[in-house]
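The values are calculated or read from the model by the stated rules, or taken from the named source; none is laboratory data. Worth saying up front: this structure is predicted, and the values here are computed from it rather than measured. Virtual Cβ from ideal backbone geometry, glycine too; neighbours counted across all protein chains shown. Side chains are part of the model used for accessible areas, which takes the heavy atoms of the whole protein and leaves out ligands, DNA and RNA. Shrake-Rupley method; radii C 1.70, N 1.55, O 1.52, S 1.80 Å.
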Amino acid sequence: RFTARPGSARPSGDLERCQPAFCRQTYLAAQPQGMLLECERLELLTEDYWGASHAQLAYGVCSTRDRGVHYVSADSPCFSGAPADHPVTLNVSAPALDPIAAASALGSGRRGGPVARALPRAEIARTAGAMAPRSARALVDASLGAAMARTVVTLRLVYTDAAPDYCHNECADNGMWGTAGGVTVSGTVTGWVNDALKFSSYGATSLDQAASVMAVTVMMGNHTPEESLGCNYHAVVIPELNRANDLAKSQLGIDPNLFTHKEYFIPREFGSCNWGGIGNVGCAPPGREDNHGRCFTVIRDAQPMTRVHELGHNLGLYHAGIPANSYGDTTSVMGQNRNWKAFNVVSRFQLGWITADHVAFAEPEGAERYIIHAVGQPPAPSVLSAVRFLCRSCYADYPNSEAWVSLRDDSGYDADLPDDQRHHVQVHIRLLTSAGHYRGTRLEASLRATQEERVASSHVIRACAITAHTATIAIAAGDTAATDVAELCNAPSPSSPPPRPPVPRPPPPSPQPPPPLPPPSPEPLPPPSPSPPPPSPPPPSPPSPPPHPPDLAPNPPPPKPPLPSPPPPSPPPHPPPPPPPWLPPPPSLPPPPPPPEGGGSIALVAGIAGCVVSCALLLAGIYLRRRRRRQDQHQEPSGCGCAGHPHNRPSLRKVEMSPTPARTYPWASADVVCRL
């Protein structure tokens, strides 16, 4: 079908030019290894088939300035999930492939996974902008919280010989906005595209109906592309879409490139195309709603889930499959089944709808039990939506993959999930390349209560119990993982730990016997000062039973002992000086008995303190009087070596006291006075 120009020899490794009808079509299949390729636009496309084969094809498209296009393998490291916002230079690093075979594979409509992998690989050599293409998840992380309108324009392409009669304008509006109450595909769920986005994103991502354009009809004015032209993206599909954009401007005054998403309904008879839809990947992830004119989807069937699926590609999602089929996950929007359903947990995390705060990370060693909430329930604070752990050996082509454990219930768009998936714990593999680029998911297992699954011979996952919207799971690694998860599941539930004994409250004072008194302290009390500060209230002591009922007044304090007759000294304007150092320390006194209850305790302490002060003053007066008498009768001894010291100068004033008999104190000697 795609042949070289007649009469021209094709040198090995040169670019292959096609017939005049495809003069702008260039195939990179025959590029020599190491060639640099300038791309004005680099994007990743997917073609989705809902037929018996449920095939899918993903490939890269490099659009050049001369309107040429080059196909590159989707597995090339230059595709990180989002198209480049700037011109990109690719370095083709794979050997040449026969261009006729590649062109036939991409244009015949009979596609499969091996064809895409056979295309040349490339890597980014340089970019003309600030950065290279980033993953959709990275764009989400960099722009969380952005509030911009996500808009869509829906165009129905009507030809002179065919039209998308499977869905008229009213059908398109009802499927997108629910203008007629929504669509029931099968089962009990009735919904529409925008509502499905709102449900899966917990209201974070949706289309702005007021700023969007309802379905309009564009009269193409000619026949549909002939079947002999095939279904090549650049030679058949893109020219018709560009012409539809120009006709929408002239006929309706609408510029489709001013909207975030461009949606085209085409007739089923369109060249040799047999896919249900096409969409480019990662053109407007959450936070890039202003990336107008970059996203497009092409629809060839009436199923509204096809439209949600293709919008998922625009947001940055890849396909959801199973180990034997990269497209076979029937429980996810990005799988092959067209019944109503929600996005799986990995897709929600990839788009930022579930954050890392609601995802636990299981360690590579050890065992742990978790309680997770169904992904159909909006994440709440301190609530887990999933548990993940590294699974480097799950898929050899994706060495940085992760295993994700989540719960699906019957909420919202998940109400029509099959019985073997609803209220089950699901184990997904998030495919990540060696560079960390996301490449879709694989559903590994779906567990009911008490079932377990070993993932890549490293971890064992067991569903301990499943309720309406929560599940208790156990995850363990190592040789004893199976035993560990069984023990964890049989242990008491972490949500309902065994009751603790109540903390005893202090009983009322009356019924309790008096606690034993503490033993008296052997340390002496500090020396008393002439004018002690007011005593501070004693620390609270254990309650003692009063000798009378508790409702009566406490016992009055005991009478204070009589104070001595000498008047107390006048209070100084500053803190009193310390006691004279020649005074001996007072004898140790036993600690006072515990004060009675009530206000008598303070009075008792004050009385004891006053008695001690009075005794100290009396002793000081006696000593000073005896010293003065000796000084009057004898001269101060000379030669003690400190007579001239300022502390030996008489500075104590005379204290007049009543005469007392002379007494001798062995510690009051002249030598002691000299050492002052």
Give region 384-400 a look and list any residue that's part of a loop (DSSP other than H, G, I, E, B) and either over 23 Å from the mean Cα position of the chain (by Cα) or at pLDDT 95 or above (or both), or say none.
Ser385, Ser393, Cys394, Tyr395, Ala396, Asp397, Tyr398, Pro399
Report whether or not Ser186 is under 30 Å from Ala374 (Cα atoms), loosely packed, with under 15 Cβ neighbours inside 10 Å and of a type outside the set (Val, Ile, Thr).
yes
Neighbours by Cβ (under 6 Å, 6+ apart or cross-chain): first from region 442-467, among the hydroxyl-bearing types (Ser, Thr, Tyr); second assigned to a strand (DSSP E or B) and open to solvent by less than 20 Å² (accessible area, probe 1.4 Å):
Ser446/Gln426; Ser458/Ala477
Based on what the data block shows, is Ser393 over 19 Å from Asp329 (Cα atoms) and in contact with a Pro (Cβ under 9 Å, 6 or more places away or on another chain)?
yes
Hits in region 455-494 (condition: of a type in the set (Gly, Ala, Ser), surrounded by fewer than 22 Cβ atoms within 10 Å (Cβ to Cβ) and in a strand (DSSP E or B))
Ala465, Ala477
I'm trying to understand the selection: among the residues of region 185-225, which are of a type in the set (Asp, Glu) and either in contact with a Gly (Cβ under 7 Å, 6 or more places away or on another chain) or at positive phi (or both)?
Asp195
Write out, first by first residue and then by second, each pair whose Cβ atoms fall under 8 Å of each other, whose residues are 6+ apart or on separate chains, and whose first residue, in region 476-492, is among the aliphatic types (A, V, I, L, M) while the second is part of a loop (DSSP other than H, G, I, E, B).
Ala477/Ala362; Ala477/Glu363; Ala477/Pro364; Ala477/Glu365; Ala477/Ser458
Quick check, is Arg150 within 27 Å of Gly352 (Cα to Cα), open to solvent by less than 20 Å² (accessible area, probe 1.4 Å) and either of a type in the set (Lys, Arg) or touching a His at 6+ places or on another chain (Cβ under 8 Å) (or both)?
yes
Looking at this structure, is Arg439 open to solvent by 40 Å² or more (accessible area, probe 1.4 Å) and part of a strand (DSSP E or B)?
no
Does any residue of region 398-420 turn out to be under 14 Å from Ser446 (Cα atoms), free of Cβ contacts under 8 Å to residues at least 24 places away in the same chain and either out of contact with any Ser or Thr (no Cβ under 9 Å at 6 or more places or on another chain) or surrounded by 21 or more Cβ atoms within 10 Å (Cβ to Cβ) (or both)?
yes
